[in-house]
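Here is the structure we will look at.
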Amino acid sequence: MAETAHAAGRGGRVTEGLRTYRLIAVMWIRSTMAYRTSFALTTFGNFAATALDFAAILLMFSRVDALGGWTLAEVAFLYGVSAVCFGLADLAVGSMERLGRRVRDGTLDTLLVRPAPVLAQVAADRFALRRLGRVTQGVLVLGYALTAVDIDWTAAKLLLMPVMLLSGAGIFCAVFVAAAAFQFVAQDASEVSNAFTYGGTTMLQYPPTVFALDLVRGVTFVMPLAFVNWLPASYVLDRPYPLDLPGWVAFASPLVAVACCAMAGLAWRAGLRTYRSTGN
Amino acid sequence: MGVGSGRLYVAVAAGGFRRYATYRAATAAGVFTNTVFGLILVYTYLALWDEKPQLGGYDQAQAVTFVWLGQALLAALAIGGGGFEDELMERIRTGDIAVDLYRPADLQLWWLAADVGRAVFQLLGRGVVPFVFGSLVFPVALPREASTWLAFLVAVVLAASVSFALRYLVALSAFWLMDGTGVTQMAWLAGFFCSGMLLPLNVFPGALGEVVRMLPWSSLLQAPADVLLGEADPLGTYLFQAGWAVALLAVGRLMQSAATRRVVVQGG
């Protein structure tokens with residue numbers, strides 16, 4: 001399988017991966033749509049579960065006017081961007097969480113013998129359209145934030161909005177893939193990845209001023225989640241940058257996203273190489 | 001219940017404990033995740049209490065203690081679910097429940113015993129480390145008297161009973177609904193929102209705060225926390241928790257007998 005992929009060349013491999021992903025995802029969507037009521041209910045559940053985080057923020061602001069110096073509308077902006085980015089990444093590759101289970105019960109072998117890229121197969125496995133509930137919730141909060149906060153719109157800020165959302169989704173995708181790669185080694189310690197995926201998005205929903213400096217440094221330089229929203233949002237909202245970083249970093253998110261995805265890809269390959277079947 | 005059956009339930013509880021103790025890597029992963037979430041929450045709470053000291057009657061150290069207590073009790077009390085109920089629902093769905101009903105043991109007591117074993121392991125395995133970490137790194141408000149700690153442990157035992165009773169109802173709903181995903185999800189939402197995991201219930205504004213404090217979920221985290229922090233009278237708290245536990249366990253009994261009378265076993 002690896003040989004055929006190499007023969008197809010780099011571009012061919014990507015096309016092949018996307019094609020595999022699309023085919024499997026469409027198959028899962030069809031199977032989900034066989035039970036429409038169940039689909040509607042679980043999508044709503046997904047929406048409500050995410051809304052709980054924002055409910056916590058609303059409850060906090062029912063008692064105070066600012067948190068870490070940020071107003072409700074500004075925090076909602078951070079929340080909306082983080083939730084949309086995370087929701088898109090969760091929709092695209094969130095199923096990779098299940099990799100540890102496949103390694104444990106040996107069903108990963110089935111995917112290895114198929115003539116299609118394993119990463120695409122694992123990512124599209126049990127593709128769950130209900131995760132649009134999470135994206136929808138994020139879009140609604142972001143919509144509220146955009147009407148409530150007073151932004152002095154410029155061309156650069158307008159351009160930065162879609163760039164920020166796409167790069168953020170890319171960064172979260174990289175976190176999901178890297179966490180899945182880690183499961184080849186950790187197996188039933190898969191819950192560790194929750195700390196980085198769900199923990200990461202929860203942290204980004206609050207202003208950077210809330211957290212200890214070392215923690216902010218960690219999510220800027222070590223695991224660059226700050227590029228999802230803290231840095232670009234500081235530019236859009238005319239807020240001082242965390243860690244006194246220079247102004248151009250607000251536009252560095254696409255580069256950071258590409259670098260993260262490349263690193264995650266390497267981690268995935270290394271992880272897959274260490275895989276030994278359960279052998280039954 | 002004779003001595004013989006008493007021994008049976010102790011064995012079931014020990015089995016529940018051992019079963020979870022097998023997953024060492026998963027336990028370590030849970031400890032790590034609880035610690036990370038505790039860290040994130042602590043900073044948001046510190047910012048909140050910076051803005052408004054004495055919010056909800058807590059000082060900053062009490063609020064921080066509340067966060068780590070929540071992380072310590074989350075798995076033990078299965079506040080977001082994840083105890084025995086998924087397995088019981090699966091047995092109801094597949095029809096394996098018929099085998100359980102033939103056993104010379106009471107269905108409710110059997111699962112209660114298994115869940116007690118699980119809860120004790122989760123408290124020791126997943127709860128202690130994040131709590132100790134939080135207490136060493138952040139300013140916390142812990143009682144000096146052994147009696148307060150003892151009173152707190154009693155409240156935790158009662159909390160575990162209420163938690164079991166609630167999840168037993170969730171599981172039994174599978175007799176009528178077959179697909180329990182929706183109920184499980186609602187139970188998760190209610191558990192998080194109404195127990196204090198999201199935010200201490202005394203911070204909730206006005207009437208909303210009064211209502212959530214009367215619901216059974218406030219027995220899970222808010223009640224033991226207030227006993228530990230010296231914010232509530234233990235006896236009154238116990239009465240509240242025990243009242244809900246007895247009422248919910250009784251409803252579980254009723255549902256159980258209604259369900260087993262109409263049980264239609266799936267498949268051959």
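Could you please let me know if A:ALA40 is over 24 Å from B:TRP188 (Cβ atoms), surrounded by fewer than 17 Cβ atoms within 10 Å (Cβ to Cβ), within 14 Å of chain B (Cβ to nearest Cβ) and not polar (S, T, N, Q)?
Values: over 24 Å from B:TRP188 (Cβ atoms): no; surrounded by fewer than 17 Cβ atoms within 10 Å (Cβ to Cβ): yes; within 14 Å of chain B (Cβ to nearest Cβ): yes; not polar (S, T, N, Q): yes.
Considered against the rule, which asks whether it is over 24 Å from B:TRP188 (Cβ atoms), surrounded by fewer than 17 Cβ atoms within 10 Å (Cβ to Cβ), within 14 Å of chain B (Cβ to nearest Cβ) and not polar (S, T, N, Q), A:ALA40 comes out as no.
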Item to check | Residues of the stretch A:16-37 classified as within 14 Å of chain B (Cβ to nearest Cβ) and open to solvent by less than 60 Å² (accessible area, probe 1.4 Å), total | outcome: 1
Checklist entry - within 21 Å of A:ALA48 (Cα to Cα) and of a type in the set (Val, Ile, Thr), is that true of B:THR184? => result yes
Next on the checklist: With the requirement that a residue be part of a helix (DSSP H, G or I), under 12 Å from A:VAL163 (Cβ atoms) and in contact with a helix residue (DSSP H, G or I) (Cβ under 8 Å, 6 or more places away or on another chain), what does the stretch A:234-267 give you?
Outcome noted: A:TYR235, A:VAL236, A:ALA250, A:PHE251, A:SER253, A:PRO254, A:VAL256, A:ALA257
Checklist entry - Can you find even one residue in the stretch A:209-218 that is out of contact with any Gly (no Cβ under 8 Å at 6 or more places or on another chain), modelled with pLDDT of 95 or more, open to solvent by 20 Å² or more (accessible area, probe 1.4 Å) and more than 13 Å from chain B (Cβ to nearest Cβ)? => result yes
Item to check | Residue list for the stretch B:161-215, filter: away from chain A (no Cβ under 11 Å), open to solvent by 50 Å² or more (accessible area, probe 1.4 Å), modelled with pLDDT of 90 or more and in a helix (DSSP H, G or I) | outcome: B:ALA207, B:GLU210, B:VAL211, B:ARG213, B:MET214
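Restricting to the stretch A:141-179, name every residue that is within 14 Å of chain B (Cβ to nearest Cβ) and farther than 22 Å from A:VAL249 by Cβ. Break it down stepwise before answering.
Within the stretch A:141-179, the subset within 14 Å of chain B (Cβ to nearest Cβ) is A:175, A:179.
The answer is A:ALA179, and nothing else.
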Checklist outcome for this item: Residues in the stretch B:19-77 that are in contact (Cβ under 8 Å) with a residue 40 or more places away in the chain, among the hydrophobic types (A, V, I, L, M, F, W, C) and under 25 Å from B:LEU153 (Cβ atoms) total 16
Checklist entry - Quick check, is B:GLN222 within 25 Å of B:ALA113 (Cα to Cα) and modelled with pLDDT of 95 or more? => result yes
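Among the helices (runs of 4 or more DSSP H) confined wholly to the stretch A:1-117, which include 2 or more residues that are within 29 Å of A:GLN137 (Cα to Cα)? Full working, then the answer.
Numbers: elements: A:2-33, A:36-61, A:72-93, A:99-105, A:108-113.
By residue number, A:2-33, A:36-61, A:72-93, A:99-105.
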Checklist entry - Among the helices (runs of 4 or more DSSP H) confined wholly to the stretch B:41-106, which include 2 or more residues that are within 21 Å of the chain's Cα centre (by Cα) and either more than 12 Å from chain A (Cβ to nearest Cβ) or more than 30 Å from A:LEU72 (Cα to Cα) (or both)? => result B:60-76, B:85-94
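State whether the residues of the stretch B:251-259 include one that is charged (D, E, K, R) and without any contact (Cβ under 8 Å) to a residue 12 or more places away in the chain.
The initial filter retains those residues of the stretch B:251-259 that are charged (D, E, K, R), namely B:253.
Now restrict to residues that are without any contact (Cβ under 8 Å) to a residue 12 or more places away in the chain: none.
No, the stretch B:251-259 contains no residue that is charged (D, E, K, R) and without any contact (Cβ under 8 Å) to a residue 12 or more places away in the chain.
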Item to check | Test: A:ALA156 is within 30 Å of A:LEU41 (Cβ to Cβ), of a type in the set (Gly, Ala, Ser) and open to solvent by less than 40 Å² (accessible area, probe 1.4 Å) | outcome: no
Next on the checklist: Checking the structure you have, find out if any residue of the stretch A:53-76 is more than 14 Å from every other protein chain (Cβ to nearest Cβ) and either within 30 Å of A:PRO224 (Cβ to Cβ) or open to solvent by 20 Å² or more (accessible area, probe 1.4 Å) (or both).
Outcome noted: yes
Checklist entry - Taking the stated definitions as given, is A:LEU204 within 12 Å of chain B (Cβ to nearest Cβ), more than 21 Å from A:LEU266 (Cα to Cα) and open to solvent by less than 10 Å² (accessible area, probe 1.4 Å)? => result yes
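State whether the residues of the stretch B:232-246 include one that is in a helix (DSSP H, G or I), within 14 Å of chain A (Cβ to nearest Cβ) and farther than 21 Å from B:ALA171 by Cα. Walk me through how you get there before you give the answer.
Here is the first cut: in the stretch B:232-246, the ones in a helix (DSSP H, G or I) are B:234-246.
Now restrict to residues that are within 14 Å of chain A (Cβ to nearest Cβ): none.
Among the residues of the stretch B:232-246, not one is in a helix (DSSP H, G or I), within 14 Å of chain A (Cβ to nearest Cβ) and farther than 21 Å from B:ALA171 by Cα, which makes the answer no.
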Item to check | When residues of the stretch B:1-40 are limited to those that are part of a helix (DSSP H, G or I) and among the hydroxyl-bearing types (Ser, Thr, Tyr), the one farthest from the other protein chains (Cβ to nearest Cβ) | outcome: B:SER5
Item to check | Only listed residue being in a loop (DSSP other than H, G, I, E, B), touching a residue at least 12 places away in the same chain (Cβ under 8 Å) and within 17 Å of the chain's Cα centre (by Cα), chosen from A:PHE127, A:PHE196, A:PHE176, A:PHE182 | outcome: A:PHE127
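Does A:ARG276 satisfy the condition of being surrounded by fewer than 15 Cβ atoms within 10 Å (Cβ to Cβ) and assigned to a helix (DSSP H, G or I)?
On the way: surrounded by fewer than 15 Cβ atoms within 10 Å (Cβ to Cβ): yes; assigned to a helix (DSSP H, G or I): no.
Spelling it out, it is not the case that A:ARG276 is surrounded by fewer than 15 Cβ atoms within 10 Å (Cβ to Cβ) and assigned to a helix (DSSP H, G or I).
The values are calculated or read from the model by the stated rules, or taken from the named source; none is laboratory data. In this text the structure is predicted, and so the values were computed from the model without any measurement. Cβ: placed from backbone, ideal geometry, glycine included. Neighbour counts: every protein chain shown. Keep in mind that these areas ignore ligands, DNA and RNA; they rest on the heavy atoms of the full protein, side chains included. Shrake-Rupley method; radii C 1.70, N 1.55, O 1.52, S 1.80 Å.
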